[in-house]
Number of protein chains: 2
Amino acid sequence: MAVDKITSMPYAGWIEPWDERQIVLSTRLRLARNINGRPFPNRLTDAEAEAVAKEVIAALPEDRQWHVLHMSELLQAEKGVLLEKHLASRELLQQQAGRALAVNDEQTLAVMINEEDHLRMQAILPGLQPEEGWRQISLLDDQLAARLDIAYDQRLGFLTACPSNLGTGLRVSVMVHLPALAMTGKLDAIFRRLPQAGLTVRGVYGEGSQSQSGLYQISNQITLGHSEDDIIAQLRQLVEAIIAQEVQAREWLRRNKGLQLADAVGRAVGVLANAHLLAGREAMEQISLVRLGVAMGLCRRISYREVNLLMVSCRSALLQASAQKELTTEERDALRADMARKYFGGGDAV
Amino acid sequence: MAVDKITSMPYAGWIEPWDERQIVLSTRLRLARNINGRPFPNRLTDAEAEAVAKEVIAALPEDRQWHVLHMSELLQAEKGVLLEKHLASRELLQQQAGRALAVNDEQTLAVMINEEDHLRMQAILPGLQPEEGWRQISLLDDQLAARLDIAYDQRLGFLTACPSNLGTGLRVSVMVHLPALAMTGKLDAIFRRLPQAGLTVRGVYGEGSQSQSGLYQISNQITLGHSEDDIIAQLRQLVEAIIAQEVQAREWLRRNKGLQLADAVGRAVGVLANAHLLAGREAMEQISLVRLGVAMGLCRRISYREVNLLMVSCRSALLQASAQKELTTEERDALRADMARKYFGGGDAV
């Protein structure tokens with residue numbers, strides 16, 4: 001079992017800074033595919049599900065090293081990490097028989113087996129790279145399709161369990177950090193226009209469209225009636241427009257609220273570098289401010305790479321997994337604070 | 001005019017740490033005296049008040065260097081500093097003709113002239129030193145009485161404008177830092193028992209009995225019917241009992257809330273060392289926590305002397321006076337934050 005390797009590393013496909021501004025942290029692409037002549041996973045018996053899993057695992061291409069994790073063999077803590085790392089969905093993790101996850105060694109490609117569809121392939125890349133992501137995931141798709149009989153209809157395209165995935169079966173998501181637009185109250189207006197363009201948004205590390213982390217996931221809503229290239233081009237165009245607005249908002253803050261900005265960033269550094277108890281929600285808020293500070297040259301004590309790593313490492317499941325035992329909330333908050341202090345070179349002497 | 005020297009220095013008689021625990025910051029003694037045959041100050045004409053002031057100033061003993069500040073010649077900013085430093089009362093500062101303040105070079109002795117009484121002498125000493133304070137203030141009293149005809153009644157003692165000061169005319173106050181008793185919610189019960197012992201309490205840098213700074217002023221209420229030695233002995237006894245309770249509360253916190261304490265102290269250090277805007281109220285709260293941290297060995301980045309100095313320097317009037325111009329609230333908060341960061345060795349790079 002390679003589960004340790006997958007769950008103990010905070011790597012989530014977007015730790016390495018991709019571009020200077022780091023407004024887009026990562027691009028994720030997901031393809032939904034099903035095998036001809038088999039019921040969709042929610043109608044499979046345990047034995048049938050296991051047979052599908054066996055077939056898919058056998059079809060994984062040999063040009064990569066795959067780690068196959070069977071849901072029935074995972075600890076709760078390990079499942080939490082897979083969820084936080086966006087490698088597996090809650091739906092997959094809640095099931096057992098024939099439910100599995102194949103991850104390549106670099107954790108940039110993953111195949112969920114018997115989630116809503118027989119196959120859910122995923123590629124994660126740093127920065128805004130939907131075209132390169134599409135190249136990678138369609139190569140994997142071609143390799144699997146060469147060995148599996150994939151359900152395809154001339155009129156509807158790829159068949160999926162849920163009609164919302166019909167057609168291309170392609171979902172492209174980008175994770176964007178928009179703290180300046182959030183601070184200046186411009187986010188709601190921008191987000192309200194996304195559905196018209198066939199896009200949807202949700203807060204990351206938060207509830208609903210709220211986000212403690214200033215991070216948002218923007219995805220295409222529509223998979224049917226558009227080519228993959230169209231979906232990718234439209235998403236890129238809209239995300240680039242949002243990036244430009246975030247850059248503008250940062251400049252506005254610098255010119256008009258320089259002192260308040262320096263204060264907010266400074267206080268966030270102060271708390272992360274000195275707290276001994278840090279709840280997850282607060283950690284995300286403070287890290288988001290520090291990340292903005294790094295972007296704006298206001299914070300030289302930590303690099304982008306470190307702030308990305310800290311953001312991922314602070315998440316509860318990863319902390320829980322690193323402790324190797326069940327933690328109380330206070331123990332987890334203490335562990336999170338210890339880790340944050342280390343990132344800022346702080347020890348016990350404050 | 002020596003006003004600059006008096007108003008520009010944050011020295012307030014208790015900056016130098018007196019003992020290891022620093023629970024008592026300072027002891028202040030005040031004697032109220034009046035000159036025979038002159039109406040009390042609130043009944044004096046301007047000319048009479050000026051004559052009294054002249055007489056008192058001429059009677060100041062030559063063994064010390066006195067700086068005499070006339071209220072009519074002070075700027076508003078300077079008055080604010082005198083108030084914050086407990087060298088003059090609001091009542092004195094609001095008046096003009098014949099109202100003056102004499103302060104010795106070390107700012108340990110002061111004489112308010114024509115406040116509520118013709119003379120209000122004051123001695124300020126670091127730590128719990130009511131006996132030494134009494135020695136110093138009664139020496140000054142003797143020196144002045146040798147040159148002035150002080151109003152004294154065999155039965156009532158020293159005559160004063162307000163009956164509450166009759167008798168000894170002695171008010172002894174100690175400034176105590178009780179953050180652990182405040183945190184553990186024990187303060188109210190302790191303070192409720194003080195009036196029975198003839199003592200009164202008020203929060204310093206706060207409103208009413210609340211205190212943002214964890215600092216409280218404990219004073220004797222009764223001046224009549226007790227000897228000076230009795231007043232001093234009783235105050236010492238009660239203050240020592242409160243010190244013991246604060247020490248106990250600190251030990252309780254260390255044993256039972258060690259993590260929460262380290263967290264609170266750490267966050268306070270983090271904010272003071274990194275904020276760029278700091279309101280007076282928040283500064284006092286954070287400094288109080290840091291002061292507790294210093295006392296408990298949880299904070300090695302700042303010394304008692306520095307934390308005392310920071311506490312005094314952060315006050316609005318002193319900041320205002322140091323800026324040499326009228327400041328907006330934001331400018332003052334920025335100046336306060338700049339100063340706090342310097343104390344923690346921080347610059348603009350956070």
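The values are calculated or read from the model by the stated rules, or taken from the named source; none is laboratory data. Since the model is a prediction, treat every value here as computed from it, not as a measurement. Using ideal geometry, Cβ is built from the backbone for each residue, glycine included, and neighbour counts are taken over all protein chains shown. Accessible surface is based on the protein model in full, side chains and every heavy atom, while ligands, DNA and RNA are left aside. Shrake-Rupley method; radii C 1.70, N 1.55, O 1.52, S 1.80 Å.
Quick grid of which residues meet (1) charged (D, E, K, R); (2) under 28 Å from the mean Cα position of the chain (by Cα); (3) more than 30 Å from A:R336 (Cβ to Cβ):
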| position | (1), (2), (3) |
| --- | --- |
| A:A233 | no, yes, yes |
| A:L238 | no, yes, yes |
| A:Q245 | no, yes, yes |
| A:A249 | no, yes, no |
| A:W252 | no, no, yes |
| A:Q260 | no, no, no |
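A single entry from A:R341, A:R291, A:R336 fulfils the requirement of being open to solvent by less than 30 Å² (accessible area, probe 1.4 Å), under 22 Å from the mean Cα position of the chain (by Cα) and over 21 Å from A:P126 (Cα atoms): A:R336.
Taking the numbered list (1) touching a Phe, Trp or Tyr at 6+ places or on another chain (Cβ under 9 Å); (2) surrounded by fewer than 17 Cβ atoms within 10 Å (Cβ to Cβ) in turn, A:R90 passes all entries but (1).
The residues listed here are B:S227, B:S211; of these, the one that is open to solvent by 10 Å² or more (accessible area, probe 1.4 Å) and farther than 30 Å from B:S316 by Cβ is B:S227. Looking across region A:133-159 at every residue that is in contact with a helix residue (DSSP H, G or I) (Cβ under 7 Å, 6 or more places away or on another chain) and buried (at least 18 other Cβ atoms within 10 Å of the Cβ), the one that is farthest from A:T27 (Cα to Cα) is identified as A:L148.
Looking at region B:261-350, the helices (runs of 4 or more DSSP H) lying wholly inside it that each contain 2 or more residues that are within 13 Å of chain A (Cβ to nearest Cβ) sit at B:280-295, B:329-343. Here A:G266 meets the list (1) within 22 Å of the chain's Cα centre (by Cα); (2) open to solvent by less than 10 Å² (accessible area, probe 1.4 Å) almost entirely, failing just condition (1).
The rows are residues; the columns are (1) free of Cβ contacts under 8 Å to residues at least 60 places away in the same chain; (2) under 30 Å from A:S303 (Cα atoms); (3) outside the structural domain of B:K79 (by TED's automatic domain parsing).
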| residue | (1), (2), (3) |
| --- | --- |
| B:G266 | yes, yes, yes |
| B:L272 | no, yes, yes |
| B:R281 | no, no, yes |
| B:G297 | yes, no, yes |
| B:R305 | no, no, yes |
| B:L309 | no, no, yes |
| B:R315 | no, no, yes |
| B:Q324 | yes, no, yes |
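Considering region A:47-67, and only residues there that are among the small types (G, A, S) and out of contact with any helix residue (DSSP H, G or I) (no Cβ under 6 Å at 6 or more places or on another chain), the residue that is farthest from A:M121 (Cα to Cα) turns out to be A:A47. In summary, helices (runs of 4 or more DSSP H) completely within region B:29-104 and bearing 3 or more residues that are under 23 Å from B:V172 (Cβ atoms) occur at B:76-84, B:90-93.
For region B:121-149, enumerate the residues that are over 15 Å from B:V239 (Cβ atoms) and assigned to a helix (DSSP H, G or I). Those that are over 15 Å from B:V239 (Cβ atoms) and assigned to a helix (DSSP H, G or I): B:R135, B:Q136, B:I137, B:S138, B:L139, B:L140, B:D141, B:D142, B:Q143, B:L144, B:A145.
Selection of region B:177-193 for residues being surrounded by 17 or more Cβ atoms within 10 Å (Cβ to Cβ) and of a type outside the set (S, T, Y) yields B:H177, B:L178, B:P179, B:A180, B:L181, B:A182, B:M183, B:K186, B:L187, B:I190, B:F191. Of the residues making up region A:160-176, those that are open to solvent by 10 Å² or more (accessible area, probe 1.4 Å) and part of a helix (DSSP H, G or I) are A:P163, A:S164. Would you confirm whether any residue within region B:246-254 is of a type in the set (A, V, I, L, M), in contact with a Gly (Cβ under 7 Å, 6 or more places away or on another chain) and within 14 Å of chain A (Cβ to nearest Cβ)? Checked against the condition, which is being of a type in the set (A, V, I, L, M), in contact with a Gly (Cβ under 7 Å, 6 or more places away or on another chain) and within 14 Å of chain A (Cβ to nearest Cβ), region B:246-254 yields no hits at all.
If only residues of region A:88-116 that are touching a Gly at 6+ places or on another chain (Cβ under 9 Å) and among the hydrophobic types (A, V, I, L, M, F, W, C) are counted, the one that is nearest to A:R30 (Cα to Cα) is A:I113. With the structure loaded, tell me whether B:V247 is crowded, with 17+ Cβ neighbours inside 10 Å and among the β-branched types (V, I, T) or whether it fails that test. The answer is no for B:V247. For region A:78-131, filtering for residues that are more than 12 Å from the chain's Cα centre (by Cα), farther than 25 Å from A:T45 by Cβ and acidic (D, E) leaves 4.
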